[in-house]
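Contents: one structure, followed by commentary.
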Amino acid sequence: TGDILKPLTTGPGYNAEATLSSDGQRIVFTSHREGDLDIYTMNSDGGEVQRLTHELGYDGWPFFSPDGQWIVYRAHHPTEPEAVTRYKELLARELIEPMRMDLYLMRADGSEKRQITHLPGASFAPFFFPDGERIIFASNYQNPASSQFELFAVNRNGQGLERITFSGGFNTFPMFSPDGKKLVFASNRNAQQPREINIFVADWVP
């Protein structure tokens with residue numbers, strides 16, 4: 001009911017892309033409360049907010065591993081002066097330019113950060129396999145200038161890249177059921193109208 005709803009974050013700015021740990025105790029989310037787009041965690045009651053990323057650039061779309069020990073996320077950290085200026089100009093207008101992103105992994109306390117994909121284009125929407133050892137995600141790296149995104153899987157160490165979908169078009173936001181038997185994702189396959197995107201579910205056969 002509406003009377004139990006309460007805000008866990010307050011104040012101006014962007015606080016979104018929030019997901020819950022499997023035990024329901026911690027929330028991981030993206031915020032630019034300190035001037036950049038970074039990843040934070042907090043208790044499910046809004047307490048004990050902790051900033052996990054500090055590099056200049058966009059860090060977002062975080063998800064916990066099933067055991068709650070790791071967080072996978074997408075990021076782009078510009079380093080060239082022109083790219084840094086462009087990023088800051090867009091951020092001041094509350095915009096980002098998601099043309100280049102890779103997947104990163106870190107422990108739930110923000111330690112042991114490492115980049116796990118090094119692909120052209122944009123790789124995003126990561127989600128752990130139920131065993132926590134692999135990650136499924138969307139990428140246009142085979143056609144970086146296009147909006148053609150397919151689903152891929154990769155080991156947590158960045159090895160073993162595998163293509164999952166072959167339909168063409170836009171396929172993204174994959175998530176497994178807790179038992180790993182079903183995969184749900186968004187796609188524009190079989191679309192009847194421009195910009196039509198629907199939800200699909202598939203049996204997962206290891």
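For the pair residue 177/residue 114, report the inter-label distance in nm, with labels modelled 7 Å from Cα in the Cβ direction.
Calculated label separation equals 3.3 nm.
Could you tell me the calculated FRET efficiency between residue 25 and residue 100, based on Cβ-Cβ distance and R0 = 35 angstrom, to the nearest 0.05?
0.55
With a 1.4 Å probe and every protein chain kept in, tell me what percent of the accessible surface of the chain is carbon plus sulfur.
52 percent
Of 125, 78, 41, which is farthest on the positive side of the dipole of the chain, counting Cα position, with +1 on Lys and Arg Cβ, -1 on Asp and Glu Cβ, and the Cα centre as origin?
125
Regarding the range 115-186, what's the average projected area of the Cα-atom convex hull, expressed in nm²?
4.5 nm²
Work through the residues other than residue 166 whose Cβ is under 15 Å from its Cβ and net out their charges, Lys, Arg +1 and Asp, Glu -1.
0
Please list, in chain and number order, the residues 5+ apart from residue 151 or on another chain whose amide H is under 5 Å from its amide H, with Hs placed from the backbone.
Placed amide hydrogens put 164, 165 under 5 Å from residue 151.
Below 12 angstrom from the Cβ of residue 48, what's the summed charge of the other residues (Lys, Arg +1; Asp, Glu -1)?
Every neighbour counted, the sum reads 0.
Mean-square fluctuation check for the chain, GNM, Cα pairs under 10 Å: which of 59, 179, 36 is largest?
Looking only at 59, 179, 36, the largest GNM fluctuation is found for 179.
Given the rule -39500 (n - 2.57) for each run of at least 4 DSSP H residues, summed and divided by the residues of the chain, what is its mean residue ellipticity at 222 nm, to the nearest 500 deg cm²/dmol?
My calculation for the chain gives -2000 deg cm²/dmol from helical runs alone.
Of 92, 54, 136, whose Cα points farthest to the positive end of the dipole of the chain (charges on the beta-carbon: +1 Lys, Arg; -1 Asp, Glu; origin at the Cα centre)?
136
Could you let me know the centre-to-centre spacing of the range 136-164 and the range 18-35, using Cα atoms, in angstrom?
Computed from Cα coordinates, the inter-centre distance equals 25 Å.
Hey, could you pull the Cα Rg and Dmax for the range 31-70, both in Å?
10.9, 31
Nothing charged except the Cβ atoms of Lys and Arg (+1) and of Asp and Glu (-1): what's the magnitude of the dipole of the chain about its Cα centre? Round to the nearest 20 debye.
Using only the charged Cβ atoms, the result is roughly 380 debye.
Bin width 5 Å, alpha-carbon pairs only: give the P(r) of the chain as whole percents, running from 0 to the bin holding the largest distance.
Result, from short to long distances: 1, 7, 14, 18, 19, 18, 13, 7, 3, 0 percent.
Compute, for the range 25-135, the length of the dipole vector about the Cα centre, with Cβ point charges of +1 (Lys, Arg) and -1 (Asp, Glu) only. Units Debye, rounded to 20.
So the magnitude is around 120 debye.
The values are calculated or read from the model by the stated rules, or taken from the named source; none is laboratory data. Nothing here was measured: the structure is a model prediction, and the numbers come from that model. For neighbour counting, all protein chains shown are included, and Cβ atoms are generated from backbone atoms with ideal geometry for every residue, glycine included. Each accessible area value is taken on the protein alone, full model and side chains, heavy atoms only, with ligands, DNA and RNA left out. Shrake-Rupley method; radii C 1.70, N 1.55, O 1.52, S 1.80 Å.
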